[in-house]
1. May I ask you to sort Arg92, Arg4 by Cβ crowding, counting other Cβ atoms within 10 Å and putting the fewest first?
2. For a footprinting-style exposure proxy, rank Trp311, Trp226, Trp107, Trp216 by other Cβ within 10 Å, fewest first.
3. Read through the labelled values [x] 20.1, 64; [y] 20.4, 61; [z] 17.6, 52 and report the label of the one computed as Rg and Dmax of the Cα atoms in Å from the structure.
4. Sorted from fewest to most neighbouring beta carbons within 10 Å, what does the list Tyr284, Tyr9, Tyr275, Tyr182 look like?
5. What order do you get for 112-124, 94-106 when each peptide is scored by the mean count of other beta carbon atoms within 10 Å, highest first?
6. Once each part is reduced to its C-alpha centroid, what is the distance from region 269-310 to region 26-79 in angstrom?
7. Rounded to the nearest 0.05, what FRET efficiency do Ala321 and Asp106 give with R0 = 25 Å and r taken as the Cβ-Cβ distance? Could you check?
8. When the helices in the chain are scored as -39500 (n - 2.57) per DSSP H run of 4 or longer and the sum is shared across all residues, what 222 nm value do you end up with, to the nearest 500 deg cm²/dmol?
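Read the figures in this text as sums done on the coordinates, not as results from a lab. Since this is a predicted model, take the numbers as computed values, not measurements. Here Cβ is always computed from backbone atoms with ideal geometry, including for glycine, and neighbour counts include all displayed protein chains.
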Amino acid sequence: MNTRLKHLYGLETTKIEKSGVGAGSDTYFVSCADGKYVVKYPASSEINHPEAEPELCEYLLAHGIPVCQFLRNKEGHFLTTDESGRLFHVQRFIEGKMFELNAAPDWLLTESAHMLGQIHAALRDCPGLTVGIGANFFKYMTPDRALLSYQKSLNIAESQNDTEIIADLQYRIDLMRRFPAYEFDLEKLTCCATHGDYFISQIICGDEKINAVIDWTTACVHPVVWEIVRSYVYAAPSCKDGQIDMDEFLRYVAEYRKFAPLNECDLLCMARLFYCQIAVCDYYGQYYASTADNRHIYLHQAVFSTKLLRWLEEHVETLTAKLLTAF
């Protein structure tokens, strides 16, 4: 890597450390005489679009959103291929700290909502990104398909005697057999370009302010309400055990709306759409299929989402009514 960075970027490295955070991608922190940099090898995945990330970040920087700054190599390209054929890019290191999941202080909950609203306002007319949660998602990610996937994951869990996972998957299988027949009109929902993975682990913080939002590899077009709910539940300490503080969540939505609008359909579908998405996605299967060193991150996501499912099954309609009444 030393030789590669010197030859392609003119960087004289003094120290290289591999990050222990994140799953799938390989990330390195590189110290040089003129500063610090980040070298990232994005995971190979159909939802990752590293070729679009640098230009998108330039667009966001021009619109006042603090994000990563990428370096071009000596051929003028943002993406570089190493001798093994893997793609990587280099970006400037951003100073600051990152909070753990469900450990956001009050100021960060507010700023997170503001930042997400500002991002959506900046990207409202940004073209060119692929569709994430759209018509095809609801066509193929159905309770029936989820049921088949969960059964396969359950077989693996039983073969490995993963008792807690077995219980979670049995609950999900039972839920899929009686899951509500939701339908979402994408023509009425507010859909626009968004981060695609906006949550507390992608936010670098300074002294009660956000220094940058990083890792735009999964940027795509989503219903904005999905990312509102997801960003809140992974940040709020009150959600640590999978329970949503409805009044606090309403305040989060109110802070978001100071920068980006939501229509009545958004409010009607916000909780239901998130409930549906986490219900039909087999995070346990992702955990079992992963060979990453940090595959436990997938398991945490799976267990946490199941806790949320149990709460939402009982409270999703109450939360929906509160959203419609509040706004």
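1. On the way: Arg92 13, Arg4 17.
Placing the least packed residue first, the sequence is Arg92, Arg4.
2. Trp107, Trp311, Trp226, Trp216
3. Comparing each candidate, only [y] matches the computed number.
4. Working: Tyr284 28, Tyr9 19, Tyr275 25, Tyr182 14.
Fewest to most other Cβ atoms nearby, the residues stand as Tyr182, Tyr9, Tyr275, Tyr284.
5. 112-124, 94-106
6. A separation of 27 Å, based on Cα centres.
7. That pair, Ala321 with Asp106, gives E of 0.45.
8. Working: 11 runs with 151 residues, N = 327.
Estimated from H runs of four or more residues: -15000 deg cm²/dmol.
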